[in-house]
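Inspection log for the structure reproduced underneath, given as structure tokens.
Readers should treat all values here as calculations from the given coordinates under stated rules, not as data from a laboratory. What you are looking at is a predicted structure, and each value in this text was computed from that prediction instead of being measured. When we count neighbours, we look across all protein chains shown, and the Cβ atoms used for this are built from the backbone with ideal geometry, even at glycine.
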Amino acid sequence: MKTIITIDYDQTLSIPSTQEYIKELLNDPKVECYVLTARYDDLNKHSYQKNPSNEDLWLTIDKLLIPREKVVFMNMKSKGKYLNNTKVFAHLDNCTKEIADIKTHSNT
């Protein structure tokens, strides 16, 4: 069984040193990585005018060879509720609000 890790994009996976770390994880056949971003997806980005075009995200994802289907756009909804009752081992995020939300919804 693979260990599932999720990682935020903005100010987390967007940072080159984090990308290097994730490259190492991606080389481990026992680890599966998903990107879990608060951003709006391409169909809903018009709802948030400050939202980037997601081009920066896609460039990074493609560079790291993460399959695009492993990117989850939360459309500004709760990551904690999403992660609750999943088999995700760990989530990497820089946002203390997101971390608190994940702890609030955690079963552990």
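What the table shows:
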| read-out | value |
| --- | --- |
| Pairs from LYS2/LYS45; LYS23/LYS50; LYS30/LYS79; LYS50/LYS70; LYS2/LYS70 whose Cα-Cα separation, in the structure shown, is over 26 Å | LYS2/LYS45; LYS23/LYS50 |
| Label-point separation, LYS30 to GLN11 (7 Å along Cα→Cβ), nm | 3.3 nm |
| Intensity falloff of the chain expressed as log10 I(q)/I(0), Debye formula with alpha-carbon point scatterers, at q = 0.11, 0.20, 0.21 Å⁻¹ | -0.33, -1.12, -1.22 |
| Under 13 Å from LYS77, Cα to Cα: aspartates and glutamates that are on another chain or at least 8 residues apart | ASP41, GLU98, ASP101 |
| Computed [θ] at 222 nm, helices only, for the chain once each DSSP H run of length n ≥ 4 contributes -39500 (n - 2.57) | -9500 deg cm²/dmol |
| Added length on full extension, which subtracts the Cα-Cα distance from 0.36 nm per residue, VAL72 to ILE99 | 8.0 nm |
